[in-house]
Amino acid sequence: MDQVDFERMMIFEHARVNAEAEYLKNPDDADNLTKWGGALLELSQFGNINESKKMLKDAVSKLEEALAINPAKHEALWCLGSVLTANGFLISEHEEARILFDQALDYFEKAVELCPENEHYLQALASCAKAAEVHKEIHRQGGLAQAQQTLGGGSATSSSAKGSAKNKRSDLMYDIFGWVILAAGLVTWLRMAKLPPPPPM
């Protein structure tokens, strides 16, 4: 983990701890529950697959709780769609992942209905519509670990033919994960805009 990733992880861990403390004071705060779910989504990027799945499951719980309090909270709907999509990509069984993608699509559609001018919601909706197809392609090429390795780049000493094939796969993986990166970045931006600064170390 590089310094930037470490700092991001610390920011979202701080957000998670603050949200947990705030929840003890006011368990009916949908904004706080949404922040908590968003922080867990971000933190899920830093763990192994089992840790990530656990954090995403916790995020679903917090976001569903937020929506039980305020069903019209479009930020929570969008965030829940992002969590379900991220979780779908961690599952190797295609039909099981497709169920999560379909649920995510429903949440993105609801977010767009409530806030139709939000370009991020529109982008998430369009991207999620392709998630099942992307999932199948990722797992056909060796799964998420292989896709991440492809995103990390290939050997500079490859032949031009191999380099061209790797570039095409890399382009595909960037297209595939583009919306995931966008969603993660947007969650980061939304949370940063609403979070108190982390305590000095």
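Quick one: would you say Leu41 is part of a helix (DSSP H, G or I) and in contact (Cβ under 8 Å) with a residue 60 or more places away in the chain?
Spelling it out, Leu41 is indeed part of a helix (DSSP H, G or I) and in contact (Cβ under 8 Å) with a residue 60 or more places away in the chain.
Filter segment 89-134 down to residues that are surrounded by 16 or more Cβ atoms within 10 Å (Cβ to Cβ) and among the β-branched types (Val, Ile, Thr) and give me whichever is nearest to Trp78 (Cα to Cα).
Val112
Can you say whether Lys53 is crowded, with 16+ Cβ neighbours inside 10 Å and among the basic types (Lys, Arg), as far as the supplied structure shows?
yes
So is Leu24 within 22 Å of Cys115 (Cα to Cα), modelled with pLDDT of 95 or more and assigned to a helix (DSSP H, G or I) or not?
no
Yes or no: Ala104 small (Gly, Ala, Ser), under 17 Å from Tyr121 (Cα atoms) and out of contact with any strand residue (DSSP E or B) (no Cβ under 7 Å at 6 or more places or on another chain)?
In short, yes.
Kindly provide the set of residues from segment 17-28 that are acidic (Asp, Glu) and in contact (Cβ under 8 Å) with a residue 24 or more places away in the chain, ordered by number.
The answer is Asp28, and nothing else.
One line per residue, one yes/no per condition, for (1) part of a helix (DSSP H, G or I); (2) over 20 Å from Lys62 (Cα atoms); (3) among the acidic types (Asp, Glu):
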position	(1), (2), (3)
Leu77	yes, no, no
Gly81	yes, no, no
Gly88	yes, no, no
Arg98	yes, yes, no
Phe108	yes, no, no
Ala111	yes, no, no
Glu117	no, yes, yes
Ala124	yes, yes, no
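Evaluate the following for Trp36: is it under 23 Å from His135 (Cα atoms), of a type outside the set (Lys, Arg) and modelled with pLDDT of 95 or more?
No; evaluated as a whole, the condition is false for this residue.
The values are calculated or read from the model by the stated rules, or taken from the named source; none is laboratory data. Bear in mind that the values here come from a model prediction, so they are computed numbers and not experimental data. Counting neighbours? That spans all protein chains shown, and the Cβs are built from the backbone with ideal geometry, glycine included.
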